[in-house]
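For reference, the structure is listed below as structure tokens.
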Amino acid sequence: MTKVLVPTVCPYCGAGCGFFISVEKERATGIEYMPDHPVSEGALCSKGNAALEVLCHQERFTSPLKRKGEGWARISWEEAIDLVAKGLGDAIKKNGPGSIAFLASSKCSNEENYLIEKLARLLGSPHVDNCARLCHAPSVVGLNRTLGAAGMTNPIPDIASSKCVFIIGSNLAENHPVISRWIHRAKDEGAVVIAADPRVTHTSWMADVFLQLKPGTDVALLNGMAHVIIKEGLVDRDYIAQRTRGFEELKESVGDYTPEKVAEITGVPAGDIVRAARAYAISPASSILYSMGITQHTTGTDNVQAVSDLALICGHLGKPGTGVMPLRGQNNVQGACDMGALAEFYPGYKKADDSETIRYFSSAWRTEGLPLGPGLTATQMIDAAGTGDIKGMYVVGEDPANSDPCSHNVHSALDNLDFLVVQDIFMTATAQLADVVLPGAVWAEKEGSYTNTERRVQWSCRAIDPPGAALSDLEIVCKVARSLGLDFYYPDAASVLAEINRTVPQYAGITRERLERDGLVWPCPTVDHPGTPILHSSGFKLAEGRACIVHVPYRPAAEVASWDYPFILTTGRVAVHHNAGSMTRRSPSLISREPDLYVEINTADAARLKVADGDEVTITTPRGETEAYARLTDKVKRGVVFMPFHFPGTNILTTDITDPEARIPEFKVAACKISRRD
Amino acid sequence: MPVYIDISRCIGCRSCEVACQRVHGGSGHVNVHFVGDSASVPILCHHCEEASCTMACFSGALYKDGDKTVFDVEKCTGCGLCRLACPFGVVWTDKIAHKCDLCEGLAEVPTCVTTCPANALSTDFDLASRRARARAARVAAQGGRR
Ligand code: SF4
Ligand code: SF4
Ligand code: SF4
């Protein structure tokens with residue numbers, strides 16, 4: 001039997017690195033690198049290198065399960081699908097379609113997400129969302145308002161041509177490691193790198209200027225930089241005059257954000273604020289990279305708008321080396337949003353509250369009675385489950401019981417549902433609460449297209465079969481839909497992509513035939529269109545083609561340190577784990593490198609608490625308490641502590657107070673107290 | 001031709017470790033160490049010109065082959081003298097010795113070099129200095145960094 005090399009796309013982060021899986025006798029035997037991949041050039045981070053470890057993992061689901069007493073019974077697909085049809089069907093019959101909700105998956109392919117949101121809406125429920133709500137919902141809201149499009153404006157390799165790279169609220173060295181190579185390349189060509197983060201990180205190691213701000217003070221910092229840029233006349237006057245609106249209001253509103261005042265709020269020395277502002281404004285091409293450190297705040301939308309203001313007043317958009325780059329966390333969170341698995345958008349970002357959208361999809365899907373949105377967001381669905389307004393939920397490849405804030409409440413809310421079906425690959429905390437579990441497939445066991453953080457749509461091929469009776473998520477969704485009386489006859493992912501080509505204008509030219517190797521970057525409106533790596537090069541898709549500069553005042557985070565809770569807890573990721581950790585915590589070569597939940601405490605704080613390195617401590621917030629071991633470090637400033645959120649303990653602590661517009665919870669700031677356990 | 005490290009580029013992602021382990025049946029030959037709050041240094045075999053491990057190895061299992069320090073598993077007795085001799089702690093003995101083989105027979109370029117997301121590893125001795133010289137030249141020509 002010969003070895004076959006199957007091209008696939010990494011299932012972890014949004015960088016979208018490609019690699020081959022070598023397959024012998026229908027078994028995945030190894031990884032081969034892909035040196036001509038446009039983003040990764042053959043590189044993979046530790047997660048990519050360990051990706052095959054979840055394939056034949058002994059804990060994978062191999063058959064549908066139903067709850068039986070305290071345990072589980074293996075059941076046939078027929079029985080499972082009947083139970084799901086009955087569970088969801090009964091809820092619809094009794095309480096109307098608005099009583100069921102769907103969580104689509106930013107791990108699944110575009111085709112699968114498209115079908116999940118289509119299923120929800122054809123059943124009459126507007127409630128479909130995905131975990132983008134917990135990462136980049138503020139980018140969707142904020143960037144759509146300021147720039148008229150929510151994606152990364154420039155491709156990853158383009159960072160190499162930047163002359164100033166400003167990284168704020170992103171520890172990309174650990175979360176999107178391959179992006180580092182492009183930053184190093186920019187540095188080789190003379191770029192200045194600025195990093196703003198509450199922690200010293202491997203990303204700040206790459207920086208020339210490091211701004212260690214207090215958690216939640218990003219708007220103040222960005223306003224301060226805008227203040228300096230405007231005051232020193234470093235703005236791009238022509239660009240502002242021709243391409244934007246709202247500059248005068250911004251000028252007015254940042255007037256009193258002097259470096260000295262901002263230094264007081266943020267803890268960043270005034271001189272560094274001025275240096276960073278000058279470097280960003282003066283360079284011929286500057287880019288801003290940001291991530292959860294900007295979005296996961298009650299001021300998430302404000303933060304995003306303040307980021308794009310900076311780019312707009314300096315004219316750093318629409319050209320190589322410039323741009324506003326929200327780095328997406330999951331392999332297909334961009335695609336899940338593009339496909340309309342969002343409460344406020346149908347596919348292609350057609351507004352769910354617009355009757356024109358309903359008309360468009362009624363005719364495209366040959367149906368009537370599509371629900372007008374917006375539906376409940378992922379965070380609101382959980383609340384609604386708790387109050388009993390949502391009776392049934394279908395959760396695909398997400399683990400809200402672990403990844404949502406204030407997880408004790410999430411558990412009891414999900415427990416309150418009449419019917420919960422979870423489709424996943426492992427027994428996650430959410431699956432534990434399900435009535436029925438459907439065994440899905442991982443990337444290598446199915447085919448489909450995935451859209452990485454730079455809007456590059458890539459096709460990932462099927463290398464092996466799913467284990468046991470597990471099926472591709474596309475097949476499962478079709479089975480469920482048919483059992484509920486819908487006409488879901490899609491033989492393969494390509495046939496769904498063909499429908500997406502017809503219904504999603506940005507993807508119209510991204511056909512299966514064209515998706516070889518390098519993929520295509522949307523918008524790609526026709527089959528002979530080369531794709532659009534750089535957005536906004538000829539104006540914005542907003543009124544008069546002008547971008548909106550939206551001035552935002554600084555608001556403090558929802559929680560501040562107090563006598564009872566004297567520390568600010570901020571959360572994030574580490575290089576060898578991914579998100580809720582259901583895959584990486586089961587991957588031997590990753591979990592062995594970071595096996596336990598820890599909390600980083602500043603050495604001076606630890607001395608006062610009489611905590612030594614490695615001590616077990618209890619971290620408490622009003623929501624609950626968690627145990628972790630202490631890591632003493634000067635990476636965090638005094639008064640700030642950090643915990644990775646890959647372990648179930650962390651989100652017991654975080655707050656569920658959300659951004660008023662984007663509804664993202666403030667994962668990055670929670671007041672807490674710490675005590676040594678003994 | 002060992003693997004050279006550009007510490008200024010290393011981001012401590014440990015991909016080299018995981019990749020090395022992956023292609024060598026579970027026993028890796030790279031260790032990433034963390035120094036202070038943000039520096040990270042992958043430590044791997046230097047293929048020393050005068051390799052103490054080969055001098056210590058009485059059975060001839062470790063020997064110099066051109067500029068590589070290579071290992072003949074057939075001859076290894078597992079005595080562990082090499083482990084004591086190596087000043088960098090990059091030859092291990094569990095039953096028999098194992099150390100960096102530069103992925104001979106496994107890949108054209110050592111796996112860690114290809115996989116390193118930050119381009120911190122290379123087999124080109126002069127690369128880091130060339131990059132530094134190019135940066136310096138650019139700064140001089142442009143009259144300072146912007
Ligand atoms: S950088 Fe992201 S896409 Fe690339 S290998 Fe790592 S997790 Fe996978
Ligand atoms: S194992 Fe140690 S002594 Fe031997 S060549 Fe490598 S670095 Fe030198
Ligand atoms: S793979 Fe590269 S960047 Fe990552 S730890 Fe190893 S040498 Fe450092």
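At-a-glance table
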{"read-out": "The listed residue being surrounded by 24 or more Cβ atoms within 10 Å (Cβ to Cβ) and either assigned by TED's automatic domain parsing to the domain that holds A:Asp634 or at pLDDT 90 or above (or both), out of A:Tyr239, A:Tyr290", "value": "A:Tyr290"}
{"read-out": "Residues (assigned to a loop (DSSP other than H, G, I, E, B) and not hydroxyl-bearing (Ser, Thr, Tyr)) located in segment A:627-656", "value": "A:Asp634, A:Lys635, A:Lys637, A:Arg638, A:Gly639, A:Phe645, A:His646, A:Phe647, A:Pro648, A:Gly649, A:Asp656"}
{"read-out": "Candidate set from segment B:32-57 (those that are away from ligand 2 (no atom under 16 Å from the Cβ) and part of a loop (DSSP other than H, G, I, E, B)); member that is least open to solvent (accessible area, probe 1.4 Å)", "value": "B:Ser38"}
{"read-out": "Top-ranked residue in segment B:17-31 [being in contact (Cβ under 8 Å) with a residue 12 or more places away in the chain and more than 16 Å from ligand 2 (Cβ to nearest atom); ranked as nearest to A:Asn171 (Cα to Cα)]", "value": "B:Glu17"}
{"read-out": "Any hit, segment B:85-104, residues being out of contact with any strand residue (DSSP E or B) (no Cβ under 7 Å at 6 or more places or on another chain) and within 16 Å of ligand 3 (Cβ to nearest atom)", "value": "yes"}
{"read-out": "Residue, nearest to B:Ala19 (Cα to Cα), within segment A:10-55, restricted to residues that are among the charged types (D, E, K, R) and surrounded by fewer than 20 Cβ atoms within 10 Å (Cβ to Cβ)", "value": "A:Glu32"}
{"read-out": "2 or more residues polar (S, T, N, Q): qualifying strands (runs of 3 or more DSSP E) within segment A:563-626", "value": "A:567-572, A:616-621"}
{"read-out": "Strands (runs of 3 or more DSSP E) completely within segment A:1-111 that count 1 or more residues being away from chain B (no Cβ under 14 Å) and without any contact (Cβ under 8 Å) to a residue 40 or more places away in the chain", "value": "A:4-9, A:18-24, A:65-68, A:71-74"}
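Yes/no matrix, rows are residues, columns are (1) under 25 Å from A:Val200 (Cβ atoms); (2) within 16 Å of ligand 1 (Cβ to nearest atom); (3) in contact with a Gly (Cβ under 8 Å, 6 or more places away or on another chain):
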residue	(1), (2), (3)
B:Ser8	yes, no, no
B:Ile11	yes, yes, no
B:Cys20	no, yes, yes
B:His47	no, no, no
B:Asp72	no, no, yes
B:Ile96	no, no, yes
B:Glu104	no, no, no
B:Ala120	yes, yes, no
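Condition check ((1) under 24 Å from A:Val23 (Cα atoms); (2) touching a Ser or Thr at 6+ places or on another chain (Cβ under 8 Å)) across all residues:
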site	(1), (2)
A:Ser40	yes, no
A:Leu44	yes, yes
A:Leu55	yes, no
A:Gly71	no, no
A:Leu83	no, no
A:Lys86	no, no
A:Leu103	no, no
A:Ile116	no, yes
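The values are calculated or read from the model by the stated rules, or taken from the named source; none is laboratory data. Quantities reported herein were computed from a predicted structural model and do not represent experimental measurements. So basically every Cβ, Gly included, is an ideal-geometry build from the backbone, and we count neighbours across all protein chains shown. Heads up: the accessible areas ignore ligands, DNA and RNA and are worked out on the full protein's heavy atoms, side chains in. Shrake-Rupley method; radii C 1.70, N 1.55, O 1.52, S 1.80 Å.
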